[in-house]
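Enquirer: One structure coming up, written as structure tokens, with questions to follow.
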Amino acid sequence: MLLAVAISCGTALSANTTEPTEPTAKTTSEVVKRAMNKEIANLLAEPNFNVEQTTSVKVSFTVNKDNEVVVLNVESKDASIEKYIQGRLNYQKLDSKALVGQTYHVPVKLESTL
């Protein structure tokens, strides 16, 4: 059985400030968002489990001072999907220069080819 993981591109990756007490004019550029989308998609490629039906989840993460992904939340009712995404993304270093102190949200679509 084949399984494909797709991450919506374009403006699918959005950033919300996690520190409302520290207003900042800094935002993540669209170029960086697209690059982060691509990196996240690559990190989630080739899953090691079967998905019986196409599933969409929303992943929220931040980036620490070492430019590593820290998964904050995976909105999924399937524990194996949550574990897979957290295991593949947590503490993976990004090449893209994300803003520390931002929370990013990305939709992830896992497609079954059964």
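The values are calculated or read from the model by the stated rules, or taken from the named source; none is laboratory data. Since the structure is predicted, the reported quantities are computational estimates derived from the model, not experimental observations. Using ideal geometry, Cβ is built from the backbone for each residue, glycine included, and neighbour counts are taken over all protein chains shown.
Enquirer: Just to verify a result, which residue in the range 80-96, among those that are exposed (fewer than 14 other Cβ atoms within 10 Å of the Cβ) and charged (D, E, K, R), is modelled with the highest pLDDT?
Expert: Filtering first and then ranking leaves Lys93.
Enquirer: To continue, here is another question. Name the residues in the range 18-43 that are acidic (Asp, Glu) and either surrounded by 16 or more Cβ atoms within 10 Å (Cβ to Cβ) or modelled with pLDDT of 80 or more (or both), would you?
Expert: Glu30, Glu39
Enquirer: I would also like to ask the following. Of the residues Val100, Val69, Val108, which single one is crowded, with 16+ Cβ neighbours inside 10 Å, without any contact (Cβ under 8 Å) to a residue 40 or more places away in the chain and touching a strand residue (DSSP E or B) at 6+ places or on another chain (Cβ under 8 Å)?
Expert: Val69
Enquirer: Collect the residues in the range 70-90 that are of a type outside the set (A, V, I, L, M, F, W, C) and either within 16 Å of Asn42 (Cβ to Cβ) or in a strand (DSSP E or B) (or both), keeping them in residue-number order.
Expert: Asn73, Glu75, Tyr84, Gly87, Arg88, Asn90
Enquirer: Now for a different question. Evaluate the following for Lys77: is it surrounded by fewer than 16 Cβ atoms within 10 Å (Cβ to Cβ), in contact (Cβ under 8 Å) with a residue 40 or more places away in the chain and not β-branched (Val, Ile, Thr)?
Expert: Answer is no for this residue.
Enquirer: Could you check the range 44-59 and list, in sequence order, the residues that are of a type in the set (A, V, I, L, M, F, W, C) and crowded, with 16+ Cβ neighbours inside 10 Å?
Expert: Leu44, Val51, Val57, Val59 - these are the residues of the range 44-59 that are of a type in the set (A, V, I, L, M, F, W, C) and crowded, with 16+ Cβ neighbours inside 10 Å.
Enquirer: Checking Thr55 against (1) in contact with a helix residue (DSSP H, G or I) (Cβ under 8 Å, 6 or more places away or on another chain); (2) at pLDDT 90 or above: exactly one of these is not met. Which one?
Expert: (2)
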